[in-house]
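First the structure, in the form of structure tokens, and then the observations on it.
The values are calculated or read from the model by the stated rules, or taken from the named source; none is laboratory data. Since this is a predicted model, take the numbers as computed values, not measurements. Cβ sites come from the backbone with ideal geometry, for glycine too, and all protein chains shown count toward neighbours. Note: accessible area is taken over every heavy atom of the protein model, side chains too, but ligands, DNA and RNA are not part of it. Shrake-Rupley method; radii C 1.70, N 1.55, O 1.52, S 1.80 Å.
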Amino acid sequence: MTCWKVMIVDDHPLMRRGIGQLLSFEPDFELVAEASNGADAVGIAHEKEPDLILLDLNMKGMSGLDTLNTMRAEGIESSIVVLTVSDSRNDVKTLIQAGADGYLLKDTEPDELIRLLKEAMCGGKAYSSLVKEYLTDNVEQDCLLNSLTDRETQILQEVAKGHRNKQIADTLFISEATVKVHMKSLLKKLQVKSRTAATVLYLESQGL
């Protein structure tokens, strides 16, 4: 029977104990290490070589993101699943781009948490339902934005800076009428009705 070695990284002792107790009921998991900060976690990960690292995002000192970046830079190949209270879209996107193998919220039901961790260890990804919604939205937004022409993207970037049509025309050396034509086209492609909505879509895609 498979038994995955687990390390918990969290600066709250109560959280480490609670997760540790939850894992102790599961024969598929063995808690081999704990760390209360990122710096210690990196060293322990090299020493213990856990199969799975549960990583808190908001820690004092070295953040979860910094810890994740350091671990990946130093060749730590463990599956790293972020376990946090933050449901920020930007945090989700940033951590996954940095190499996290999952992103779970701390209010996840215990049975669901165990199921998702097992899924991650079997080659899948561990995402809370809300995180999955965010990721689906991001994929759809990226597809819409990728449908724009280079000129439409340039105009959208100028709109996101707060520029009006005349300013955009002067910047891009085109007529104001041409800007209006492109604006109408890009709003239709992005399936939005206003410049503000288009700007929000663009800024979210940039993680801003």
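Using only the C-alpha atoms, the convex hull of the range 1-49 corresponds to 50 Å³ per residue.
Run the accessible area of the chain with a 1.4 Å probe and give the carbon-and-sulfur part as a rounded percent.
Numbers: 5650 of 11050 Å².
Carbon and sulfur atoms account for 51 percent of the accessible area of the chain.
Computed from backbone phi, the HN-Hα couplings of the range 26-43 come to 10, x, 7, 10, 10, 6, 10, 6, 9, 9, 9, 8, x, 4, 5, 4, 4, x Hz, rounded to whole numbers (Karplus: 6.51 cos²θ - 1.76 cosθ + 1.60, θ = phi - 60°; Gly and Pro given as x). Sites count as exposed loop sites when they are chymotrypsin sites (Phe, Trp or Tyr not before Pro), lie in a DSSP loop, and have at most 12 other Cβ atoms within 10 angstrom; the longest stretch of the chain without one is 26-172. Taking 0.36 nm per residue of sequence separation and removing the Cα-Cα distance, the L203/E26 pair yields an extension gain of 59.5 nm. Computed across the range 63-130, the Kirkwood hydrodynamic radius from all distinct Cα-Cα pairs reaches 12.2 Å. Each residue, S147 and D170, gets one label point 7 Å from its Cα in the Cβ direction; the gap between the two is 3.3 nm.
In the range 1-81, what trypsin sites (Lys or Arg not before Pro) fall in a loop by DSSP, with at most 11 other Cβ atoms inside 10 Å? Here the trypsin sites (Lys or Arg not before Pro) that fit, given the DSSP loop and packing criteria, are K60.
The range 97-160 and the range 173-188 have Cα centres separated by 31 Å. Can you tell me which aspartates and glutamates have their Cα less than 17 Å from the Cα of K188? Leave out same-chain residues fewer than eight positions away. In chain and number order, the partners are E140, D142, D150, E152.
Counting only lysines at least 8 places from K125 when in the same chain, those with an alpha carbon closer than 26 Å to its own are K5, K48, K93, K106. Note on the range 166-206: semi-axes of the ellipsoid equivalent to its C-alpha gyration tensor, largest first and rounded to whole Å, are 20, 12, 7.
Please compute the per residue accessible area over the chain with all protein chains in place, 1.4 Å probe, rounded to a whole number of Å². Working shown, then result.
Working: 11050 Å² over 208 residues.
Per-residue value: 53 Å².
Summing Lys and Arg as +1 and Asp and Glu as -1 over all other residues whose Cβ lies under 12 Å from the Cβ of R195 gives a net charge of +4. Amide H to amide H, with H built 1.01 Å from N, F29 comes under 5 Å of W4, counting only residues 5 or more places away or on other chains.
Per the Cα gyration tensor, the range 97-161 maps to an equivalent ellipsoid with semi-axes of 35, 12, 9 Å, ordered largest to smallest. Backbone phi angles across the range 47-62, fed through the Karplus curve with coefficients 6.51, -1.76 and 1.60 (θ = phi - 60°), yield HN-Hα couplings of 6, 8, 6, x, 7, 9, 10, 9, 10, 6, 8, 9, 10, 5, x, 7 Hz in residue order; Gly and Pro are listed as x. For the range 148-156, the Karplus equation 6.51 cos²θ - 1.76 cosθ + 1.60, evaluated at θ = phi - 60°, returns couplings of 6, 6, 4, 5, 5, 5, 4, 5, 4 Hz by residue, with Gly and Pro reported as x. Each Lys or Arg adds one and each Asp or Glu subtracts one; over the other residues with Cβ under 14 Å from the Cβ of D66, this totals -3.
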